[in-house]
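Take a look at the structure below.
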Amino acid sequence: MSSSYLLRRVGYGLLLMLGVVVLNFLLIRLAPGDPAVVIAGEMGGATEEMLESIREEYGLNKPVLVQLWIYVAGVAQGNLGESFFFNQPVAKLIADRIGPTILLVVTAQLMSIALGVFLGVLAARKPNGVMSAFVSVFATIGYAVPVFWTGIMLIILFASSFPIFPVEGMQSVKLRDAAWYVQTADVLHHLILPAFTLAIIYLAQYARLSRASMLEVLGSDYIRTARAKGAPEKSVLFKHALRNAALPILTVAGLQFGNLISGALLVETVFNWPGMGRLAFDSILRRDYPTIMGVLFFASAMVVVANILTDISYRWADPRLRGKS
Amino acid sequence: MTDTPDYKAESPALEAWRMFRRNIPALCGVAMLTVIVLATLYGTFFYSGDPFDVVWAPHEPPGATPEFPLGTDYLGRNIVAGMLTGGGPTLAVGAAAAAITMVIGISLGALAGYYGGWVDNLLMRITEFFQVLPALLFAMVLVTLFSPSLWTIAIAIGVVSWPQTARLTRAEFLKIKELEYVTAARAIGARNKRIIWKVILPNAMPPLIVSATLTIGVAILFEAGLSFLGLGDPNVMSWGLMIGANREYILDAWWPVTFPGLAIFFTVFAVSLIGDGLNDAFNPKLRER
């Protein structure tokens, strides 16, 4: 992979992020009412002094373009403003919560791809078999279930009937002082239900997609060659075929990342997972705009990074693309 | 010279309809959706009552009192009343949001695909920008900034969901604009506007219709998610709001959250069965798979 390609890709990503910053700025100005009051959180409790300091910090008495410049320059230096509700810098609020969100989203993504591809490959072996029928029905159901409702149903199921998984939060309070491996195991234990809830929707889609993609690949000449030379069925399916069928799955995985973050927002709210989604929900209820804008910025940044990683892995998976820019 | 046989080619729409008619899951979807729409439109006719009224003791289990077949919620509100009136806003917002999505997506996608060059470049960069914003979060921000009503919610959902439609439309236009009948239309002097809307668009419709159906499903889930978070119109009962309002008490009573969730599920399920059926009907080749 050429480094100039990577450089261009990152540069474009930064440009998109600049767009998000400008959008944030515009949204605050488009909101009805005095921007200073909007930024203070419309709590009615903001004193004139507070409003004056906001006007000073954001340069609200200056021309709009100067205001934009102040805002963009601030964000570039890592200053996302102050949350008047949490009484903390927004950057700190997000830094505390971005880890749990990444953990949840990445786990759900890996879970859904692994299980989905496995189901899809099984289904592709017999296109008219029971497994194929199951995959299509499951995919349609998975698409139609509201993710927050799945979470609630799982909580009801596991809280009383099968209390084997914790249904709330990320850590047990009583394990605060335990050894690190006990704590890690505890977090993973808490992670199972939320990650599975989030994975269900996409799991079904990956299963359907990999079934279709595998069926196409299994009809090709090199698979017939592999079978003819006597390669075991397992190696034909998982080595020869899957590697070629994986490309469309990778594309969709990249495109899905934004949706996954939207889903995480609901799942975090249901399971009280201490991530950015939960923070977004709390700050939206309080109309704490600096925090909301900060979350929007970082959530978009996560999508941009995911897209770049998808591009890189795509080139890694498909040798035909290497060297091209 | 022999007489040409009196044979009329079947129109593509008729052929698709013939295929659709034989698709049992899709017909089940149509039946389910019809029942749901009729229930939300005329249900209150049989079962009147404000869904916000407290009518009984809280958390009455379903079936315990004949007047409240699905029980009552944490305030003692009738769940059947909520189910019947709560579907209307969800379906209306879903349909309106899907319409807005299609209008924005088709317009931008058609312009980008047809004109190409810098128009395409500019519009695709805008599309990519919107795809970077996590849709639900952006919709939440829009709804909060511009106070929630059914219209702002529908517009917010439309504004965040159009990029996929735009990409699909663009791809179709890129494919179709090279075909001979488009060249023929240009040769007889048709203007760009006419070629876009009257020549290419009708031929690009089949995949767009399928995508519109799926968009309705996604928009319904979106509306449900926003109402669940309490960002819907607080004065309008909706299925998502019922789940959101009762979620603190799920361990005391399972029914106030279960029934509205099932309603959302069956609605979206019906819509996606119809979408799959349309997809098969328009692409007979895919039926072999």
Considering region A:140-170, residues that are surrounded by fewer than 21 Cβ atoms within 10 Å (Cβ to Cβ) and aromatic (Phe, Trp, Tyr), and then whichever is modelled with the highest pLDDT, we arrive at A:Phe158
Task: Residue in region A:290-300 that is under 24 Å from A:Thr150 (Cα atoms) and not β-branched (Val, Ile, Thr) present - done: yes
When you scan region A:194-217, do you find a residue that is free of Cβ contacts under 8 Å to residues at least 12 places away in the same chain, facing chain B (nearest Cβ under 10 Å), hydrophobic (A, V, I, L, M, F, W, C) and surrounded by 20 or more Cβ atoms within 10 Å (Cβ to Cβ), even just one? no
The condition from (1) assigned to a helix (DSSP H, G or I); (2) more than 30 Å from A:Leu122 (Cα to Cα); (3) more than 10 Å from chain B (Cβ to nearest Cβ) that A:Ala241 misses is numbered (2)
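Just checking, which of A:Pro163, A:Pro127 is over 30 Å from B:Ser272 (Cα atoms), part of a loop (DSSP other than H, G, I, E, B) and within 12 Å of chain B (Cβ to nearest Cβ)?
One residue alone meets the criteria, A:Pro163.
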Selection over region A:119-159 where residues are without any contact (Cβ under 8 Å) to a residue 60 or more places away in the chain and of a type in the set (A, V, I, L, M, F, W, C) yields a count of 15
A careful count of residues in region A:250-272 that are polar (S, T, N, Q), assigned to a helix (DSSP H, G or I) and over 14 Å from A:Ile201 (Cβ atoms) gives 2
Condition set assigned to a loop (DSSP other than H, G, I, E, B) and in contact with an Asp or Glu (Cβ under 8 Å, 6 or more places away or on another chain), scope region B:65-79, selection surrounded by the most Cβ atoms within 10 Å (Cβ to Cβ): answer is B:Gly71
A:Ser112: passes all of (1) out of contact with any Asp or Glu (no Cβ under 8 Å at 6 or more places or on another chain); (2) within 14 Å of chain B (Cβ to nearest Cβ); (3) surrounded by 13 or more Cβ atoms within 10 Å (Cβ to Cβ); (4) under 23 Å from B:Leu221 (Cα atoms) but (2)
Per the filter on region B:199-242, residues among the aliphatic types (A, V, I, L, M), within 11 Å of another protein chain (Cβ to nearest Cβ) and in contact with a Ser or Thr (Cβ under 8 Å, 6 or more places away or on another chain) are B:Leu214, B:Val218, B:Ile220, B:Ala224, B:Leu229, B:Leu231
Within region B:94-138, residues being out of contact with any helix residue (DSSP H, G or I) (no Cβ under 6 Å at 6 or more places or on another chain) and either buried (at least 23 other Cβ atoms within 10 Å of the Cβ) or hydroxyl-bearing (Ser, Thr, Tyr) (or both) number 2
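Does any residue of region A:288-298 turn out to be touching a residue at least 12 places away in the same chain (Cβ under 8 Å), farther than 23 Å from A:Asn244 by Cβ, within 14 Å of chain B (Cβ to nearest Cβ) and not in a helix (DSSP H, G or I)? Show your work before the answer.
Our first condition is that a residue be touching a residue at least 12 places away in the same chain (Cβ under 8 Å); within region A:288-298, this holds for A:288-298.
Now drop any that are not farther than 23 Å from A:Asn244 by Cβ, which leaves A:288-298.
With the extra rule that they be within 14 Å of chain B (Cβ to nearest Cβ), the set shrinks to A:288-298.
Restricting the remaining residues to those that are not in a helix (DSSP H, G or I) gives A:288.
There is at least one residue in region A:288-298 that is touching a residue at least 12 places away in the same chain (Cβ under 8 Å), farther than 23 Å from A:Asn244 by Cβ, within 14 Å of chain B (Cβ to nearest Cβ) and not in a helix (DSSP H, G or I).
Would you say A:Asn87 is polar (S, T, N, Q) and closer than 22 Å to A:Leu285 by Cα? Can you show your working first?
Working: polar (S, T, N, Q): yes; closer than 22 Å to A:Leu285 by Cα: yes.
Yes; evaluated as a whole, the condition is true for this residue.
Residue-by-condition table, conditions (1) of a type in the set (A, V, I, L, M, F, W, C); (2) within 13 Å of chain A (Cβ to nearest Cβ); (3) under 18 Å from A:Leu26 (Cβ atoms):
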residue	(1), (2), (3)
B:Gly87	no, no, no
B:Ala96	yes, no, no
B:Met102	yes, no, no
B:Ala110	yes, no, no
B:Ile126	yes, yes, yes
B:Trp151	yes, no, no
All-but-one check, A:Pro146 against (1) within 19 Å of B:Leu214 (Cβ to Cβ); (2) away from chain B (no Cβ under 13 Å), failing number (2)
Region A:1-114: helices (runs of 4 or more DSSP H) wholly inside it with 3 or more residues that are at pLDDT 80 or above are A:3-30, A:64-76
When region B:17-34 is checked residue by residue, the ones that are of a type in the set (Gly, Ala, Ser) and surrounded by 15 or more Cβ atoms within 10 Å (Cβ to Cβ) are B:Ala26, B:Gly29
Exercise. Taking the condition touching a Lys or Arg at 6+ places or on another chain (Cβ under 7 Å), part of a helix (DSSP H, G or I), among the aliphatic types (A, V, I, L, M) and away from chain B (no Cβ under 12 Å), does A:Val236 pass?
Worked result: yes
Considering region B:250-289, residues that are more than 8 Å from chain A (Cβ to nearest Cβ), modelled with pLDDT under 80 and out of contact with any Gly (no Cβ under 8 Å at 6 or more places or on another chain), and then whichever is farthest from A:Ser136 (Cα to Cα), we arrive at B:Asp252
Residue hits (region A:243-293; under 16 Å from the mean Cα position of the chain (by Cα) and farther than 30 Å from A:Ile156 by Cβ) are A:Leu250, A:Thr251, A:Val252, A:Ala253, A:Gly254, A:Leu255
The number of residues in region A:190-227 that are over 23 Å from A:Met153 (Cβ atoms) and part of a helix (DSSP H, G or I) is 17
Practice task
Determine if region B:234-247 includes at least one residue that is surrounded by fewer than 22 Cβ atoms within 10 Å (Cβ to Cβ), in a loop (DSSP other than H, G, I, E, B) and not polar (S, T, N, Q).
Solution key: yes
>> Quick check on A:Leu265: is it crowded, with 21+ Cβ neighbours inside 10 Å and within 7 Å of another protein chain (Cβ to nearest Cβ)?
In response: yes
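The values are calculated or read from the model by the stated rules, or taken from the named source; none is laboratory data. Computed from a predicted structure; not experimentally measured. Ideal geometry is used to build each Cβ from the backbone, glycine not excepted, and the neighbour counts take in all protein chains shown.
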